[in-house]
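> Once you've had a glance at the structure underneath, I'll fire off some questions.
The values are calculated or read from the model by the stated rules, or taken from the named source; none is laboratory data. Everything numeric in this text was worked out from a predicted model, so none of it was measured. Neighbour counts run over all protein chains shown; Cβ positions are idealised from the backbone, glycine included. Calculation scope for accessible area: heavy atoms of the full protein, side chains included, ligands and nucleic acids excluded. Shrake-Rupley method; radii C 1.70, N 1.55, O 1.52, S 1.80 Å.
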Amino acid sequence: MKRAEHIYQRLVEICGERNVLRDEPMKNHTLVRIGGKADFLVWPETYEQVIEVLRLKEEYGLPFTLLGNGSNVIIRDGGLRGIVMQLKHLNRIWREGNNVIAQSGADIKAVSRFALEQHLTGLEFACGIPGSVGGAIMMNAGAYGGEVKDVLDHVKVATLAGELKTLTNEELELGYRTSIISRTHDIVLEVVFSLQPGDYAQIKAKMDDLTFQRESKQPLEYPSVGSVFKRPPGYFAGKLIQDSGLQGKGFGGAEVSTKHAGFIINKNNATAADYIATIDMVRKTVKEKFGVDLELEVKIIGEE
């Protein structure tokens, strides 16, 4: 107990009392409203604080989890040990020439809207992606024919050892819903997007159209993780699930959406166990009916 108290006091010294929570239910911090407790949840306000927390983690040998805005993740009911960090206070967005620079805690949707206000084109595809800038880089987020890789110039990251470095687009090894960050677990701090001058009305029209497509097809009225599965080569995950007759089926409070089969919704106070059991049912059924292995786009973390 003394060790936990000592760690808590050190974290408070670094980030301030209002930015450190103990035994915090993570369902309060994920879009799907699922997740057990974190030992320590911290919200640094500066890059220096991020580095100091990382050094503290090293000093005590603590497990460490970086969480974006909690959009594309399922945290198991047993929660997360050690330190969980969210960068929600690092959310500045600004312009330099035709570049838009964003800190990793900003919403990628907000960056897309900022680009519109600045009459810059290239980020329209991101206007409905429910994730942080850092998460968007880690997963090379994309939608409606665009992806982060198309407009990314470079990023500033902190390594888990607490060193700062810059990575170019090429060095990030951006692929379909993956990047080198998902392997190194470096912490994205700041991102430079290279955009082009455009016509405000045309940019807005495209964003309005994409927003309409998203809102009319996706079950946004319920908590969810967004798209659960990656697109299998030659198929669409949602179509395979729909053709398997799984819409409306699930376990506990989790259910395959009747509006879009690629989504699993938290319909009624689902646990992580409910959600994961529903995922397993979907994968097993699709494999039996079509011989296709559905790969997860969502990350599942934490303890049982």
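> Amide H neighbours of L296 under 5 Å, at least 5 residues apart or on other chains, H built in the peptide plane: list them.
When sequence neighbours closer than 5 places are left aside, the close amide H contacts are K230.
> Continuing with the same structure: Rounded to whole Hz and in sequence order, give me ³J(HN,Hα) for the stretch 261-278 from the Karplus expression 6.51 cos²θ - 1.76 cosθ + 1.60, θ = phi - 60°, writing x for Gly and Pro.
With coefficients 6.51, -1.76 and 1.60, one gets 5, x, 10, 10, 9, 8, 7, 7, 6, 5, 8, 4, 4, 4, 5, 5, 4, 5 Hz.
> Right, next: Pick from L189, L152, L164: which is most flexible by mean-square fluctuation in a GNM of the chain where alpha carbon atoms under 10 Å apart are linked?
Per the Cα network of the chain with a 10 Å cutoff, L164 tops the list.
> Now a separate question. State the percent of C-alpha pairs, over all pairs in the stretch 1-88, separated by a distance greater than 19 angstrom.
Value for the stretch 1-88: 32 percent of Cα pairs lie more than 19 Å apart.
> From largest accessible area down, sort I300, I101; use a 1.4 Å probe on the protein chains.
I get I300, I101, largest accessible area first.
> Here's another thing I want to ask about it. Please compute the per residue accessible area over the stretch 41-193 with all protein chains in place, 1.4 Å probe, rounded to a whole number of Å².
38
> Could I get the Rg over Rh figure for the chain? Both from C-alpha atoms, Rh via Kirkwood, rounded to two places.
0.98
> Sum up the charges of everything whose Cβ sits under 12 Å from the Cβ of R177, counting Lys and Arg as +1 and Asp and Glu as -1, but leave R177 out.
Once positives and negatives cancel, what remains is +1.
> Over the Cα atoms of the stretch 91-215, each weighted equally, I'd like the Debye log10 I(q)/I(0) at q = 0.11, 0.16, 0.21 Å⁻¹, rounded to two decimals.
-0.33, -0.70, -1.17
> Right, next: How large are Rg and Dmax for the stretch 173-223 when only the alpha carbon atoms are used, in Å?
Considering the stretch 173-223 through its Cα atoms, Rg and Dmax are 16.4, 40 Å.
> Over the chain, what is the relative contact order in whole percent, taking alpha-carbon pairs under 8 Å and six or more residues apart?
Rounded, it is 17 percent for the chain.
> Evaluate the relative contact order of the stretch 1-88 (contact order divided by residue number), counting alpha-carbon pairs under 8 angstrom at least 6 apart; express in whole percent.
That works out to 32 percent.
> Can I ask one more? Remind me, relative contact order of the stretch 1-149 in percent, using alpha carbon pairs under 8 angstrom and six or more residues apart?
Over the stretch 1-149, the number comes to 18 percent.
> For a quick protection proxy, order the peptides 285-292, 85-92 by their average other-Cβ count within 10 Å, most packed first.
My ranking of the peptides, most packed first, is 85-92, 285-292.
> Choose one answer from G175, G35, G70: the residue with the largest mean-square fluctuation in a GNM of the chain with alpha-carbon springs under 10 Å.
Of the options given, G175 has the highest mean-square fluctuation.
> Now for a different question. Report the convex hull volume per residue for the stretch 149-267, counting only C-alpha atoms, in Å³.
Expressed per residue, the convex hull around the Cα atoms of the stretch 149-267 is 168 Å³.
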